[in-house]
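Below you'll find the structure, written out as structure tokens, and then a few comments.
The values are calculated or read from the model by the stated rules, or taken from the named source; none is laboratory data. Since we're looking at a predicted model, the values are computed, not measured. Here Cβ is always computed from backbone atoms with ideal geometry, including for glycine, and neighbour counts include all displayed protein chains. Just the protein is used for accessible areas: all its heavy atoms, side chains included, with ligands, DNA and RNA removed. Shrake-Rupley method; radii C 1.70, N 1.55, O 1.52, S 1.80 Å.
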Amino acid sequence: MTEDTLIKAAIAAMPNAYAPYSQFLVGAAICDENGNIHTGVNVENAAYPQGSCAEAGAIAAMIMAGGTRIHQIAIAGRGGNLCTPCGGCRQRMREFANPDTPILIADENGLRQRFTLDELLPHSFGPNHLDKPDHLDK
Ligand code: THU
């Protein structure tokens, strides 16, 4: 899976976002351990806190499809600032990714910047704190 393929999938998802309140469309695309792509978009709600992020949608799609690990994730959103994931989504990704897992931040034109999970969420809390392996048996 090339970075470009994954980034294009995240950009292609953006128009499907439901973001009538912020108008900030976000698309996310995960490449799982089998090379399958799972996409998600943000889904807002009139009761604001009930909205969900694109990353959360993509993770749910991956789990539903039988994927278990995030090998790479691309996140695409418009604007002058990088569309870096919120704190909650950094923790959500932490559950299924490794410290060196690439997180590709894009806008509607393509890649802006590459991070690793550990760069975005250093000293993270994870399954190991609960004496669980990173990759739980099903
Ligand atoms: N949002 C995401 O979906 N992912 C991010 O990485 C940052 C923020 C969404 C949440 C909300 O619907 C909108 O962007 C504005 O915060």
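The Thr84 and Met1 beta-carbon pair, evaluated with R₀ = 22 Å, returns a calculated FRET efficiency of approximately 0.50. Principal axis extents of the C-alpha atoms in the chain (largest first, rounded to whole Å): 41, 36, 29.
All other residues with a Cβ under 15 Å from the Cβ of Ile73 taken together, and with Lys, Arg as +1 and Asp, Glu as -1, what is their net charge? Surrounding charge for Ile73 is -2.
Taking label points 7 Å from Cα along the Cα-to-Cβ direction, Lys132 and Met64 give a separation of 2.1 nm. The mean accessible area for residues of the chain, using a 1.4 Å probe and ignoring ligands and nucleic acids, is 54 Å² per residue. Annotation: Phe125 carries an accessible surface of approximately 110 Å², with a 1.4 Å probe and no ligand, DNA or RNA atoms counted. Rolling a 1.4 Å probe over the protein heavy atoms leaves Asp107 with an accessible area of roughly 20 Å². Counting 0.36 nm for each residue step from Tyr48 to His123 and taking away their Cα separation leaves a gain of 24.0 nm. Of the accessible area of the stretch 3-136, computed with a 1.4 Å probe over protein heavy atoms only, carbon and sulfur atoms account for 53 percent. Based solely on its DSSP helices, what 222 nm [θ] is calculated for the chain when runs of n ≥ 4 H residues each add -39,500 (n - 2.57) and the sum is averaged over all residues, nearest 500 deg cm²/dmol? Helix contribution divided over all residues of the chain: -7000 deg cm²/dmol.
Going 7 Å from the Cα of Glu108 in the Cα-to-Cβ direction, what parts of the stretch 78-99 have a backbone nitrogen less than 19 Å from that spot? Taking a point 7 Å out along Cα→Cβ of Glu108, the residues of the stretch 78-99 whose backbone N falls under 19 Å are 78-84.
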